[in-house]
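Structure first, commentary second.
The values are calculated or read from the model by the stated rules, or taken from the named source; none is laboratory data. Because the structure is a prediction, the values reported are computed rather than measured. Here the Cβ positions follow ideal geometry from the backbone for every residue, glycine too, while neighbour counts run over all protein chains shown. Please note that ligands, DNA and RNA were not included when accessible areas were found on the heavy atoms of the full protein model with its side chains. Shrake-Rupley method; radii C 1.70, N 1.55, O 1.52, S 1.80 Å.
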Amino acid sequence: MNVSDSEIITSILLNHGFFLSEKIETTDIVLLNACSIREKAELSLTRKLEQLKFLKKKNKILFGITGCFSKKLKEFFLKEKKVDFFVEPDFYKKIPNIIQYISNDKIIPPSFFSKNRKETYEDIIPFSDNKKKITKFLSITRGCNNMCTFCIVPFTRGREKSSNPYSIIKECKRLYKIGYKEITLLGQNVDSYQYIIKNKSIKKDMMVKFSDLLSLLATEVPFMRIRFSTSNPHDMSESVLNVISKYPNICKHIHLPVQSGSNKILKLMNRKYSREKYINLIEKIRNIIPECSISHDIMTGFCGENEKDHQDTISLMNEIKYNYGYMFSYSPRPGTFSYKKLKDDVPKHIKKERLKEIIDLQREHSLFRMKEFIGKTQEILIEGISKRNNKNWYGRNTQNIIVVFPKKNFLSIGDTINVKILNNTSATLIGEID
């Protein structure tokens with residue numbers, strides 16, 4: 001989402017007469033696109049500003065923070081005079097005006113930041129650099145309505161709003177025409193996508209849901225690979241699974257955050273599904289799309305989590321055996337319900353121990369799932385040259401697994417090729433052209 005937003009912000013500025021600096025030492029404005037989802041991201045932002053403070057001393061340079069940031073972070077940076085301005089996700093189009101005001105030592109009018117929370121940026125063509133890339137992110141929803149107790153997104157990105165399906169199709173066609181071969185549809189919760197199209201001629205509204213959008217894209221751009229992220233187990237429908245199964249150009253991978261295997265913790269998180277419902281959804285996915293890979297988010301050490309809750313998560317992982325996942329320990333985010341109302345009562349050393357156990361177990365499961373590909377032929381979209389060995393190509397299969405294989409002169413980035421899998425690590429498949 002932040003990559004996509006950075007491309008939108010860059011496009012807005014370029015369209016207003018700004019240009020990208022090739023060297024940071026000669027720049028006039030530095031924008032840092034922030035994330036407040038976890039404490040680690042905020043610490044990274046703070047470190048980056050510390051690394052760049054030499055620019056402030058040398059030049060009259062403006063520092064701006066865009067994206068998701070907490071009120072606490074904003075107040076801290078303003079007090080320390082580290083940053084000149086902040087722009088939340090719904091106000092990116094106003095960045096050129098804000099820069100003009102600050103450059104002329106003028107105060108930004110409060111009316112600039114009226115809380116309309118309606119921006120989708122569907123009219124902005126995201127910036128693309130000159131490097132040969134064949135994959136692209138495209139936001140289809142912004143914000144979230146789910147109000148998980150640990151999450152700050154509804155407060156920084158606002159409530160859900162969906163882009164017009166025809167603007168999404170138009171952008172996908174444009175991207176394919178200029179050489180892109182794969183698109184990843186983005187949203188805090190893509191499965192809750194819905195857009196009402198008003199038909200004046202028959203005086204009847206038409207509701208386009210996520211399954212409808214996937215069908216439209218699969219047929220309108222049949223040679224474009226389609227991925228999406230992220231899904232909320234509470235909102236994923238069987239109709240979406242049937243559409244994924246039906247169209248070969250919709251990739252067979254679902255990122256399905258579980259957060260915890262404990263019903264008690266899921267309720268405290270306000271996740272709106274139970275362990276049993278989640279497992280039932282996994283069974284549906286595997287019945288409808290047998291070849292589908294499944295990844296997860298797991299948060300350990302949430303408020304009130306005891307050893308039994310932790311073991312519930314471990315047992316759920318053992319039952320599902322995910323292909324891979326993103327694992328982290330809970331850090332309270334100012335402004336969220338859990339920060340205000342729940343007690344962060346799991347000691348840091350316990351969080352660290354539980355996180356290690358989860359990571360170690362996932363590594364075992366990833367290795368197990370990787371071995372299932374041995375001897376099989378996979379269709380791979382070549383994305384580039386392997387960073388570890390420049391004699392190899394790398395790309396991904398439909399299950400979103402990285403595959404490396406020897407380079408051949410008749411191939412180039414963007415080509416699709418069949419590769420037979422011969423070996424694996426816990427994170428990579430190794431093969432040869434079939």
Output the residue which, of all residues in the stretch 362-408 that are of a type in the set (Gly, Ala, Ser) and in a loop (DSSP other than H, G, I, E, B), is most open to solvent (accessible area, probe 1.4 Å).
-> Gly375
Ile359 meets each of (1) open to solvent by 30 Å² or more (accessible area, probe 1.4 Å); (2) closer than 24 Å to Cys148 by Cβ; (3) over 23 Å from the mean Cα position of the chain (by Cα) with one exception, condition (3)
From the list Arg354, Arg333, which one is outside any helix (DSSP H, G or I) and either of a type in the set (A, V, I, L, M, F, W, C) or surrounded by 20 or more Cβ atoms within 10 Å (Cβ to Cβ) (or both)?
-> Arg333
Starting from the stretch 36-48, take each residue that is without any contact (Cβ under 8 Å) to a residue 40 or more places away in the chain and among the acidic types (Asp, Glu) and list its partners that are outside any helix (DSSP H, G or I) and buried (at least 17 other Cβ atoms within 10 Å of the Cβ), counting only C-beta distances under 8 angstrom and pairs at least six apart or across chains.
-> Glu42/Ala34; Glu42/Cys35; Glu42/Ser36; Glu42/Phe69; Glu42/Ser70
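Determine whether Pro233 is in contact with an Asp or Glu (Cβ under 6 Å, 6 or more places away or on another chain) and not polar (S, T, N, Q).
Working: in contact with an Asp or Glu (Cβ under 6 Å, 6 or more places away or on another chain): no; not polar (S, T, N, Q): yes.
No: the conditions fail for Pro233.
Conditions tested, residue by residue: (1) touching an Asp or Glu at 6+ places or on another chain (Cβ under 8 Å); (2) small (Gly, Ala, Ser); (3) on the phi > 0 side of the Ramachandran plot.
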residue: Glu238; (1), (2), (3): no, no, no
residue: Lys252; (1), (2), (3): yes, no, no
residue: Leu256; (1), (2), (3): no, no, no
residue: Gly261; (1), (2), (3): yes, yes, no
residue: Asn270; (1), (2), (3): no, no, yes
residue: Leu281; (1), (2), (3): no, no, no
Has the stretch 38-56 got any residue that is more than 30 Å from Met147 (Cα to Cα) and in contact with a Ser or Thr (Cβ under 9 Å, 6 or more places away or on another chain)?
-> yes
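From Thr230, Thr300, grab the single residue that is among the β-branched types (Val, Ile, Thr), under 22 Å from the mean Cα position of the chain (by Cα) and surrounded by fewer than 21 Cβ atoms within 10 Å (Cβ to Cβ). Let's see the steps before the verdict.
Numbers: Thr300 fails: surrounded by fewer than 21 Cβ atoms within 10 Å (Cβ to Cβ).
Selected residue: Thr230, the only one of Thr230, Thr300 that is among the β-branched types (Val, Ile, Thr), under 22 Å from the mean Cα position of the chain (by Cα) and surrounded by fewer than 21 Cβ atoms within 10 Å (Cβ to Cβ).
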List every residue pair whose Cβ atoms lie under 6 Å apart, where the two residues are 6 or more positions apart in sequence or sit on different chains, the first residue falls within the stretch 215-243 and is closer than 18 Å to Gly325 by Cα, and the second residue, located anywhere, is at pLDDT 95 or above and aromatic (Phe, Trp, Tyr).
-> Pro233/Tyr273; Pro233/Tyr278
May I ask you to verify whether Ser114 is under 30 Å from Ile168 (Cα atoms) and modelled with pLDDT of 85 or more?
-> no
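So for the stretch 299-312 (the condition being more than 30 Å from Gln378 (Cβ to Cβ), assigned to a strand (DSSP E or B), out of contact with any Cys (no Cβ under 7 Å at 6 or more places or on another chain) and not polar (S, T, N, Q)), does at least one residue qualify? Let's see the steps before the verdict.
First pass over the stretch 299-312, keeping only residues more than 30 Å from Gln378 (Cβ to Cβ): 299-312.
Next, from what is left, pick out any that are assigned to a strand (DSSP E or B): 299-300.
Now restrict to residues that are out of contact with any Cys (no Cβ under 7 Å at 6 or more places or on another chain): 299-300.
Now narrow it down to the ones that are not polar (S, T, N, Q): 299.
Yes, there is a match, as at least one residue in the stretch 299-312 is more than 30 Å from Gln378 (Cβ to Cβ), assigned to a strand (DSSP E or B), out of contact with any Cys (no Cβ under 7 Å at 6 or more places or on another chain) and not polar (S, T, N, Q).
Pick from Lys181, Lys161, Lys204: which is out of contact with any strand residue (DSSP E or B) (no Cβ under 8 Å at 6 or more places or on another chain) and over 15 Å from Asp235 (Cα atoms)? Quick ask: steps written out before the conclusion?
Values: Lys181 fails: out of contact with any strand residue (DSSP E or B) (no Cβ under 8 Å at 6 or more places or on another chain); Lys161 fails: out of contact with any strand residue (DSSP E or B) (no Cβ under 8 Å at 6 or more places or on another chain).
It is Lys204.
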Cβ-Cβ under 7 Å pairs, at least 6 apart or on other chains, the stretch 4-18 side on the phi < 0 side of the Ramachandran plot and in contact (Cβ under 8 Å) with a residue 60 or more places away in the chain, far side among the hydrophobic types (A, V, I, L, M, F, W, C) and part of a helix (DSSP H, G or I) = Ile9/Ile95; Ile12/Ile95; Leu13/Ile95
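Pull up the stretch 161-191, narrow it to residues that are in a loop (DSSP other than H, G, I, E, B) and in contact with a Cys (Cβ under 6 Å, 6 or more places away or on another chain), then point me to the one that is nearest to Val87 (Cα to Cα).
Of the stretch 161-191, the ones in a loop (DSSP other than H, G, I, E, B) are 163-164, 178-181, 187-189.
Of the ones still in play, those that are also in contact with a Cys (Cβ under 6 Å, 6 or more places away or on another chain) are 188-189.
On the way: Gln188: 19, Asn189: 23 Å.
Here the residue is Gln188.
Which one is surrounded by the fewest Cβ atoms within 10 Å (Cβ to Cβ), of the residues in the stretch 136-166 that are in contact (Cβ under 8 Å) with a residue 60 or more places away in the chain and closer than 14 Å to Met1 by Cα?
So the first thing to find is which residues in the stretch 136-166 are in contact (Cβ under 8 Å) with a residue 60 or more places away in the chain, and the list is 137-140, 146-153, 155-158.
Subsequent filtering for residues that are closer than 14 Å to Met1 by Cα retains 137-140, 153, 156-157.
Working: Phe137: 18, Leu138: 22, Ser139: 23, Ile140: 23, Val153: 22, Thr156: 23, Arg157: 23.
That would be Phe137.
Which of the residues belonging to the stretch 409-421 are surrounded by 13 or more Cβ atoms within 10 Å (Cβ to Cβ) and either part of a loop (DSSP other than H, G, I, E, B) or among the aliphatic types (A, V, I, L, M) (or both)?
Start the filter on the stretch 409-421 by keeping residues that are surrounded by 13 or more Cβ atoms within 10 Å (Cβ to Cβ), which leaves 411, 413-417, 419-421.
Answer for the stretch 409-421, where residues must be surrounded by 13 or more Cβ atoms within 10 Å (Cβ to Cβ) and either part of a loop (DSSP other than H, G, I, E, B) or among the aliphatic types (A, V, I, L, M) (or both): Leu411, Ile413, Gly414, Asp415, Ile417, Val419, Ile421.
Looking for something assigned to a strand (DSSP E or B), closer than 30 Å to Lys133 by Cβ and of a type in the set (Ser, Thr, Tyr) - is there at least one such residue anywhere in the stretch 246-268? Steps first, answer last, please.
Going through the stretch 246-268, the residues assigned to a strand (DSSP E or B) turn out to be 250, 253-255, 259.
Going one step further and asking which of them are closer than 30 Å to Lys133 by Cβ, we end up with 250, 253-255.
Cutting the leftovers down to of a type in the set (Ser, Thr, Tyr) gives us none.
Checked against the condition, which is being assigned to a strand (DSSP E or B), closer than 30 Å to Lys133 by Cβ and of a type in the set (Ser, Thr, Tyr), the stretch 246-268 yields no hits at all.
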Selection over the stretch 418-434 where residues are over 27 Å from the mean Cα position of the chain (by Cα) and at pLDDT 95 or above yields a count of 9
